[in-house]
Amino acid sequence: MNKIIEIVEFTDPVCTWCWGSEPVLRKLETRFGEQVKVSFIMAGLVKDITAFYDSYNDIGGDPVRSNRQIAKHWLEASQRHGMPVKINGFSLFSRERVSSYPLNVAYKAAQMQDQNLADRFLRRVREASAAEAKLTNTTEVLVELASEVGLDVARFVEDFSNGAAQKAFAQDLTITQRYNARGFPTFLVRFEGKETLLRGYRRYEDFKAVIGLMTEGEIAELPISPSEEAVMAFIRTYLSVAPVEIKMTFDLADAEWDSMLDSLLAKRMIVRREAGNGYFVSPKTGGAVCDTVAGTCTAV
């Protein structure tokens, strides 16, 4: 059996530094391939914004004021981690919507169906929260996003509403408390019975060093080519990709990525979607394949 190092992120879908860690995780998955397994524990950042207070960023208390402070914090964080954020129209919290817990419960509901789709759902929720300013702590938006990634909506709603996903989330909170993971992200790195915690936003080089230390060199980076073909394979794997994720994964300079972007757009291999202070790229699709059994038409 091949040896695997596991990286567990204690997270919340609306944590900006978790959003900023996405490029690092994607680089780990690409550079280490099947030697690395990334998974998530829902840690519940904001139970009630009116009772929450982040003294460093002055976030908490009044929901409207908190939204302004969160937007300011997210924009500042984006300038460091490079992932897109949209602050215009950001109004996640209100007197009626005081918690980020529904997003955590929604991930657990998705996980009950399919782990791969659940992780895609988590990414989509992060995008919608950070880069689209959607009200992702509402059931309506969560159902919409579940449908987008291909989850069975009826089952998702059932698991989300009947207490099953809530119970699974409570179990995640217990694990979070056991590891004393109070700031997010916190990363638990495991290998053959050994564990270590990395707290807060971390560079790829930090993970690479820890992997080398814990595995004594048994697990190492795989060779990778910064070619258009390799970049397109990366985009097709993840479907929606921010420029920083490509540049970080393939060690591309800004000018190198700009040149490749122009080439891929000219060849109509990708599409560019503006998002807040940045953009995403996705594989170009054209035409449709219709499934008369499933009752769907899918772009190809």
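What follows draws every value from the coordinates through simple rules; no lab data is involved. None of these values were measured; they are calculated from a predicted model. Methodologically, a virtual Cβ is constructed for each residue, glycine included, from the backbone with ideal geometry; neighbour enumeration extends over all protein chains shown.
Here the label points at Asn57 and Arg202, each 7 Å from Cα along the C-beta direction, are separated by 2.1 nm in the simple model.
Evaluated with a Cβ-only charge set (Lys, Arg +1; Asp, Glu -1), region 73-117 carries a dipole of roughly 100 debye about its Cα centre, given to the nearest 20. Gap in Å between the Cα centre of region 62-77 and the Cα centre of region 120-170? For region 120-170 versus region 62-77, the Cα centre distance is 23 Å. Under a model in which nothing but the beta-carbon of Lys, Arg (+1) and Asp, Glu (-1) is charged, region 172-266 shows a dipole of about 700 debye around its Cα centre. Note on Lys3 and Gln177: with the Förster distance fixed at 41 Å, the Cβ-Cβ geometry gives a FRET efficiency of about 0.90. Assuming charge only on the beta carbon of Lys and Arg (+1) and of Asp and Glu (-1), the dipole of the chain about its Cα centre is about 440 debye to the nearest 20.
From largest to smallest, the equivalent ellipsoid semi-axes obtained for region 60-151 from the alpha-carbon gyration tensor read 24, 16, 10 Å. Near Ile49, once Lys and Arg are set to +1 and Asp and Glu to -1 for all other residues with Cβ below 11 Å from its Cβ, the sum equals +1.
Applying a length cut-off of 20 Å (Cα extent along the axis) and a mean Kyte-Doolittle floor of 1.6 to the DSSP H helices of the chain leaves no helix.
Using 0.36 nm per residue and subtracting the Cα-Cα separation, the extra length available between Glu221 and Glu195 on full extension is 7.3 nm. Here is the list for region 200-253: trypsin sites (Lys or Arg not before Pro) lying in DSSP coil, each with at most 14 other C-beta atoms within 10 angstrom of its C-beta, are Arg203.
You can think of it this way: the chain between Glu140 and Val157 has 5.1 nm of extra reach, that is 0.36 nm per residue less the Cα-Cα gap. Computed over the chain, the alpha-carbon pair-distance distribution with 20 angstrom bins reads 31, 60, 9, each value a whole percent. Region 1-99: which trypsin sites (Lys or Arg not before Pro) are DSSP loop and have at most 11 other beta-carbon atoms within 10 angstrom? Answer in residue order: Lys3, Arg95. Taking every DSSP helix (H) stretch of at least 4 residues in the chain, weighting each as -39,500 (n - 2.57) and dividing the sum by the residue count yields a mean residue ellipticity at 222 nm of -14500 deg cm²/dmol. With a cut-off of at most 15 other beta carbons within 10 Å, and DSSP calling the residue loop, which GluC sites (Glu not before Pro) in region 183-223 qualify? Please list them. Here the GluC sites (Glu not before Pro) that fit, given the DSSP loop and packing criteria, are Glu192, Glu216, Glu218, Glu221. One decimal place: the segment Arg68-Leu265 gains 67.3 nm when fully extended, by the rule 0.36 nm per residue minus the C-alpha distance. Give the Debye-formula value of log10 I(q)/I(0) at each listed q (0.16, 0.21 Å⁻¹), with one equal scatterer per alpha carbon of region 1-106, two decimals each. For region 1-106, the Cα-only Debye profile gives -0.78, -1.14.
Farthest towards the positive end of the charge dipole of region 1-156, among the residues Phe32, Ile87, Phe156, is the Cα of Phe32, using unit charges on the Cβ of Lys, Arg, Asp and Glu.
Looking at this model, which pairs from Lys134/Lys194; Lys27/Lys284; Lys134/Lys208; Lys86/Lys167; Lys27/Lys194; Lys3/Lys134 are more than 30 angstrom apart at the alpha-carbon? Cα-Cα > 30 Å for Lys134/Lys194; Lys134/Lys208; Lys86/Lys167; Lys3/Lys134; rest within. With R₀ set to 35 Å, the beta-carbon distance separating Asp254 from Thr50 gives a calculated FRET efficiency near 0.25.
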